[in-house]
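What follows is one structure encoded as C-alpha cells, with my remarks underneath.
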Amino acid sequence: MLAFIDESGDPGLKIEQGASRYFVISMVVFEDHKEAEKCDERISLLINELGYKENFVFKFRENSHKVRTAFLQAVSPYDFNYFGFALNKEPNKLWGEGFKVKESLYKTTCSFIFENAKPYLKSATVVIDEAGNQVFRRQLAKYLRAKINTADNELIKKVKMQRDESNRLLQLADYVAGIINRCQQEKKYAEEYRRYIAHREIYVQKWPK
C-alpha cells in the first residue's frame, strides 16, 4: 500500500493579512503498487500529450483550467482513494492557545486525517512532499511513529520524503488538496473538478464546521 500526502493553503491565522481561509491536507492511497505505477505512467504521458517538457510539474494552483481538466480526466480511471481534512480558520472558529503555535496546529490537522484513514491503512509506505513546510513534515513523521502503529498492528511501514518534481503521484495529492480547498471556498469550477474524482473519495472532513 502506498499513501501520498500533500497540503493546500497555509497555517497562518491572520486571514485579513493574506493567510488562507483553510489549511487542507490530502492523502491519496493506492492499495496496489502496479496500479500506482500505471497512474504514474499515465501522468508522464500526459505531459507529452500537452506538449510540455519532460520535467514539467503539475501544480493545481498554478495550472490553467484546461490543464487541470486534462489531468483529472487522465487520472480518474485509476484505482485510488483519497481522504481530506480542511481546517477552517475563520475568525472565532478556532480557540485555545494551541492554535497560535504552528507545531500544535500541524499536529491537530495530522491527527485528524490519519485517525480518519486508520481503518484503511495496512503496512503502508507514506510519501510526504519534501517541498512542504518543515514543521509539517517533522510533526507528521513524529505523529506516525508515536500514534499510528501498535505492537501488533503495523499500519505504517515506512515514511519517505520526496519532492513532487520527482514523484507524479505527489502531484496527484497536490491536485486533490487543491480541489478540496477550492470546494470549501465554493470557487469557480470547484464542483466540476470534484466530479472527476468524487468516486474516489472516502472521507473529507471540515473542522470546525
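The values are calculated or read from the model by the stated rules, or taken from the named source; none is laboratory data. All of these numbers come straight from a predicted model, not from anything done at the bench. Because the Cβ atoms are built from the backbone with ideal geometry, glycine has one as well, and the counts that use them run over all protein chains shown. These accessible areas exclude ligands, DNA and RNA; they are computed on the full protein's heavy atoms, side chains included. Shrake-Rupley method; radii C 1.70, N 1.55, O 1.52, S 1.80 Å.
Residue 178 meets all of the listed conditions (1) touching a helix residue (DSSP H, G or I) at 6+ places or on another chain (Cβ under 6 Å); (2) buried (at least 21 other Cβ atoms within 10 Å of the Cβ); (3) not polar (S, T, N, Q) but one, namely (1).
When you look at residue 121, is it modelled with pLDDT of 75 or more and among the aliphatic types (A, V, I, L, M), yes or no? Criteria met by residue 121.
To keep it simple, each residue is scored yes or no on (1) buried (at least 21 other Cβ atoms within 10 Å of the Cβ); (2) touching a strand residue (DSSP E or B) at 6+ places or on another chain (Cβ under 6 Å); (3) within 19 Å of residue 24 (Cα to Cα).
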{"residue": "114", "(1), (2), (3)": "yes, no, yes"}
{"residue": "125", "(1), (2), (3)": "no, yes, no"}
{"residue": "164", "(1), (2), (3)": "yes, yes, yes"}
{"residue": "168", "(1), (2), (3)": "yes, no, no"}
{"residue": "188", "(1), (2), (3)": "no, no, yes"}
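Regarding residue 62, is this residue within 21 Å of the chain's Cα centre (by Cα), surrounded by fewer than 13 Cβ atoms within 10 Å (Cβ to Cβ) and not in a helix (DSSP H, G or I)? Yes. Among the criteria (1) modelled with pLDDT under 95; (2) exposed (fewer than 13 other Cβ atoms within 10 Å of the Cβ), the one residue 12 does not fulfil is (2).
Counting only residues that are under 21 Å from residue 67 (Cα atoms) and among the basic types (Lys, Arg), which one in segment 190-209 is most open to solvent (accessible area, probe 1.4 Å)? Of everything passing the filter in segment 190-209, 195 is most open to solvent (accessible area, probe 1.4 Å).
Each residue in segment 71-92 was checked for being more than 18 Å from residue 30 (Cβ to Cβ) and open to solvent by less than 20 Å² (accessible area, probe 1.4 Å), and 5 of them qualify.
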